[in-house]
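The next block holds one structure in the form of structure tokens; read it before the comments.
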Amino acid sequence: MARIQKIVIAGGGTAGWMTAAALSKILGPDYCEVELIESEQIGTVGVGEATIPQINTFNRTLGISEDEFVRETNATFKLGIEFVNWGQIGDRYIHPFGGYGLDMGGVSFHAYYLKNHPNHDHQTLEKYSLQAHAARKHKFMRPVNAGNSPLSNIAYAFHFDSGLYAKFLRKFSEERKVTRTEGKIVDVVQDSETGFVKSLTLDSGKTVSGDLFIDCTGFRGLLIEQTLKTGFTDWSHWLPCDSAIVAPCARKGPMLPYTKSTASAAGWQWRIPLQHRVGNGHVYSSKYMSDEDARAHFLSNLESEPLAEPRVIRFKTGIRNKAWNKNVVALGLAAGFLEPLESTSIHLIQHGIAKLLQMFPDKSFNEANTNRYNRVNLFETELIRDFIILHYKATQRDDSPFWNYTRTMDIPDFLQEKFDLFKSYGRAYREQEELFNDTSWFAVMMGQNIIPETYDPVADVFSDEETAKRLKEVAGTIDASSEYMPSHEDFIREHCASENFLKQNRAS
């Protein structure tokens, strides 16, 4: 039979169990056998706790209960990301999910904003985004059927414990006949003629054969790189951070419905609130900051004592030259790495799975199919890469060698075109199926003080007075909508509180 009869997933963690869950759900238990190999001796990076709204599509595809998912993973809700000290020290802005205001007369709301607010400030822009406005007030609710109200279109994502998410998806997968095998892979057997992977040998002596192999072995890329020698394209000249120090701590203060990213002298520090703790990490360039200084900076900016010994993670930003090579598809860190500045790591896993299912092979592994997968994967990753580079390039900071480097570095042509276009009339466009839309580009450009020379001239279809009136109405509607929303903490308490959350509240 030409049909794939056995899929072997090498490695667990978030990437492995997302893959197992999706394949078992979409293909069904009778299409082919799915076996996942993981070893409890090998840890996972496990710091990717923030997501973007596209994860809702993945969870809906699986058909899982959102409240159950939130409870089981100690999750909280996320309306966007706050960036602190990125444009200049003292600046802060929110990159919100969802759009600003609404388009009027066929013209982008962004154009009317620029016309009405030539002396832009970050707080003014947030008045026109329900997500940003609600985030500042620590509020959250799911969208409801409220007609033209902004409450009908609340975009959101999650913060969750990635280890618990993997555990949750493992249960889901095993209920759909995915086999989990405990063991460490000690040898990879290839076909002597084609170079295709035939089987994996475990430390127990067991041999696991398959037709299609999914590499979820993390940075080491056991199959895609160590075995197939696929090669790696280094992007660290644009994204120079190569290290992160991470540790959780107890939460103090309100449960914020957003991720916080605070720029430092040689990188940035994240804060991700969960129901039972706060996830923290300091991403930095070892060229511009020592591990000792990074650790001291990290600890000095925690809101409470760390709950575990801080650990250092090394990485290199870039991408495998092929995400799909022969009969091996790499997902997650095995496929490449973009630092977690815009919470895209889990999305890239999701994107890779979706495209694999769209271009699912048979045993012939048609080269045209494989080539398209690699081209689509590269295109998506490069566009996300450029959006992340934007944060480092769009800065006025000159207080450290790190920022002097990123502010003055050459950037990819696509990103330079985005800069030039925005600086002229404040225009930003979504490139084909690009992940980040015009709202995202507008939020970061404006948030980091890239102010256009003028506004889109078509915005003059309304007079200054009419424009001001309409913007005032939009801001008023958004403010009233945010007032209607419950607090983030109250929403979780009512709908999806975890056992840890309830215990902590009883204790306090």
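Where a number appears in this text, it was derived from the coordinates with a stated rule and is not lab data. Fair warning: this is a prediction, and the values are worked out from it, not measured in the lab. Positions of Cβ are backbone-derived with ideal geometry, glycine not excepted, and every protein chain shown enters the neighbour counts.
Go through 139/469; 127/171; 137/287 and tell me which ones have a Cα-Cα distance over 31 Å in this structure.
Pairs exceeding the cut-off: 127/171; 137/287.
Note that the stretch 107-237 carries a Kirkwood radius of 20.8 Å, evaluated over its alpha carbons pair by pair. Listed from fewest to most Cβ neighbours within 10 Å, the set 156, 165 follows the order 156, 165. Rounded to the nearest 20 debye, the dipole size of the stretch 355-496 about its Cα centre is 500 debye, using +1 on the Cβ of Lys and Arg and -1 on the Cβ of Asp and Glu. In loop segments of the stretch 118-189 as defined by DSSP, the GluC sites (Glu not before Pro) with at most 15 further C-beta atoms inside 10 Å of their C-beta are 175. Think of the chain as a dipole: +1 on every Lys or Arg Cβ, -1 on every Asp or Glu Cβ, centred on the Cα centre; then among 130, 432, 269, 269 lies furthest on the positive end. Each Lys and Arg contributes +1 and each Asp and Glu -1, all at the Cβ; summed about the Cα centre of the stretch 243-314, the dipole is approximately 240 debye. The stretch between residue 316 and residue 431 holds 38.8 nm of extra length on full extension. This uses 0.36 nm per residue minus the Cα-Cα distance.
Each label point was placed 7 Å from the Cα along the Cα-to-Cβ direction; for residue 149 and residue 458 their separation is 3.2 nm.
Helix 345-358 axis versus longest C-alpha principal axis of the chain: approximately 60°, rounded to the nearest ten. Its Cα centre serving as origin, the stretch 84-225 has a Cβ charge dipole (Lys and Arg +1, Asp and Glu -1) of approximately 760 debye. Distance between the modelled labels on residue 54 and residue 490, one decimal in nanometres: 3.5 nm (7 Å Cα→Cβ projection).
Helix-only estimate, please: 222 nm mean residue ellipticity of the chain, summing -39500 (n - 2.57) across DSSP H runs of length 4 or more and dividing by its residues, to the nearest 500.
Values: 16 runs with 183 residues, N = 508.
Calculated mean residue ellipticity at 222 nm is -11000 deg cm²/dmol.
How far, in nm, would the chain grow between residue 190 and residue 39 when pulled straight, counting 0.36 nm per residue and subtracting the alpha carbon separation? Provide the component values of the computation, followed by the final result.
Details: separation 151, 0.36 × 151 = 54.36 nm, distance 2.17 nm.
Result for the pair: 52.2 nm of gain on full extension.
Rank the residues 343, 304, 108 as a footprinting-exposure proxy: fewest other Cβ atoms within 10 Å of their Cβ go first. It would help to have the intermediate numbers written out before the result.
Values: 343 22, 304 13, 108 25.
Neighbour counts put them in this order, fewest first: 304, 343, 108.
First select every other residue whose beta carbon is under 15 angstrom from the beta carbon of residue 403; then total the charges, Lys and Arg +1, Asp and Glu -1. Its environment carries a net charge of +1.
Given (1) 75, 55, 50; (2) 75, 49, 45; (3) 81, 52, 51, which label gives Cα extents along the principal axes in Å as computed from the coordinates? The calculated read-out lines up with (1).
Selection among 450, 219, 5 by position relative to the dipole of the chain gives 5 as farthest towards the positive end (Cβ unit charges, Cα centre).
Answer with one residue from 297, 253, 308: the one whose Cα lies farthest towards the positive end of the charge dipole of the stretch 243-314, charges on Cβ with Lys, Arg +1 and Asp, Glu -1. Projecting each Cα onto the dipole axis, the largest value belongs to 253.
Using only Cα atoms and rounding to the nearest 10 degrees, what angle (0 to 90) does helix 162-174 make with the longest principal axis of the chain? On a 0 to 90 degree scale, this one is about 50. Other residues lying with their Cβ under 14 Å from the Cβ of residue 260 contribute a combined charge of +1, Lys and Arg counting +1, Asp and Glu -1.
Taking the chain as the reference, fit the longest principal axis to its C-alpha atoms, fit the long axis of helix 291-300 to the helix C-alpha atoms, and give the angle between the two in degrees, 0 to 90, nearest 10. The angle comes out at about 50 degrees.
Antiparallel versus total DSSP beta bridges in the chain: what percent is that, nearest 5?
On the way: 50 of 70 bridges.
Close to 70 percent.
What translational diffusion coefficient, to the nearest whole µm²/s, does the stretch 217-371 have by Stokes-Einstein, given a Kirkwood radius computed over alpha-carbon pairs, a temperature of 37 °C and 0.692 mPa s viscosity?
Working: Rh = 17.4 Å.
The calculation lands on 189 µm²/s.
Which entries of 115/260; 184/260; 184/326 have Cα-Cα distances beyond 26 Å here? Exceeds cut-off: 115/260; 184/260.
Kindly flag which residue pairs out of 25/252; 78/316; 167/322 have an alpha-carbon separation exceeding 32 Å in this structure.
Values: 25/252 39 Å; 78/316 27 Å; 167/322 29 Å.
Distance filter (> 32 Å) returns 25/252.
FRET efficiency for the pair residue 473 and residue 204, taken as 1/(1 + (r/R0)^6) with r the Cβ-Cβ distance and R0 = 56 Å, rounds to 0.25.
When 215, 399 are sorted by how many other C-beta atoms sit within 10 angstrom of their C-beta, beginning with the fewest, the order is 399, 215.
Near residue 462, within a Cβ-to-Cβ distance under 15 Å, what is the net charge of the other residues, with Lys and Arg +1 and Asp and Glu -1?
Working: positive: 115, 469, 470, 472; negative: 103, 456, 460, 464, 465, 466, 473.
With Lys, Arg at +1 and Asp, Glu at -1, the neighbours total -3.
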